[in-house]
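Only one structure is covered here, and it is reproduced in the block below.
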Amino acid sequence: MLKGKTALVTGSTSGIGLGIAKALARQGANIVLNGFGDVEGPKAEIAALGVKVAYHGADMSKPAEIEEMMKYAAAQFGRVDILVNNAGIQHVARIEDFPTERWDAIIAINLTSAFHATRLALPAMQQANWGRIINVASAHGLVASAEKSAYVASKHGIVGLTKVTALENATSGVTCNAICPGWVLTPLVQKQVDAKAAAHKVSNEEAKKLLLGEKEPSMQFTTPDELGELAVFFCSAAGNNVRGVAWNMDGGWVAQ
Ligand code: NAD
């Protein structure tokens, strides 16, 4: 379905980003990976799906590096048809204790980076009259939790950016939508499981149940593969007129 298209997925060396990159690759899209840590493993996983894969290590908190990455992606494969703004970080603390540099980093990586990547990707998409921008927000883009001020602000912000991007391109073949996962068991959430296990002096398995029990009626983690399939839907012809939605995949979290 996506043969000949190019997808750039930020923060795709791990977790949800890698899951989405693999789902798009399974549909034939060439992939540009981004993120820190092990690069060769994710590159090999994508190449094994029979598509071309490239990597750029831009730090998404640095606008100049985002600009270089967008130029690199276009030079590799012609243009970016699908942009997935996924890179994100978390920090948990009450507002009065929140380290100001953590606030700045979360807003830069979770929100401002999406603005830069989007503004740089749009002109080629508009010229081709086809494009998909998918922002990975969160259930925290729709509702709040205590001790996550920067994260909740960034995710509500990216839901707003999603709507504006969708509206400004509403008469074209360029769509923009957000995915709002509940708990997904990635390194980002494992840290919170570990913190809960330590705080309550319980096992890892019990800490996972505590975490799920607070928010998710389904008592199940959403998986990167499931989120990848939602991204594939947004890229499909059936998604042509889906514009500006913030679609939760959250085990019933925000239905409560
Ligand atoms: P993760 O920690 O597994 O992956 C984060 C990715 O972002 C990694 O590839 C990492 O290298 C990259 N990254 C971090 N800082 C970066 C930077 N400055 N520049 C470039 N890349 C950077 O986390 P995840 O759980 O897969 O999270 C991915 C997205 O999904 C985030 O936006 C997160 O907020 C969102 N999300 C996660 C959950 C969850 O439960 N895990 C729920 C809702 C939303």
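Annotations
- Test for F221: is it among the aromatic types (F, W, Y), surrounded by fewer than 21 Cβ atoms within 10 Å (Cβ to Cβ) and at pLDDT 95 or above: yes
- Subset of the range 172-204 (residues that are within 21 Å of T223 (Cα to Cα) and free of Cβ contacts under 8 Å to residues at least 12 places away in the same chain): Q190, N204
- Helices (runs of 4 or more DSSP H) wholly inside the range 149-256 that include at least 3 residues being farther than 23 Å from S12 by Cβ: 149-168, 187-200, 204-215
The values are calculated or read from the model by the stated rules, or taken from the named source; none is laboratory data. Quantities reported herein were computed from a predicted structural model and do not represent experimental measurements. Cβ sites come from the backbone with ideal geometry, for glycine too, and all protein chains shown count toward neighbours.
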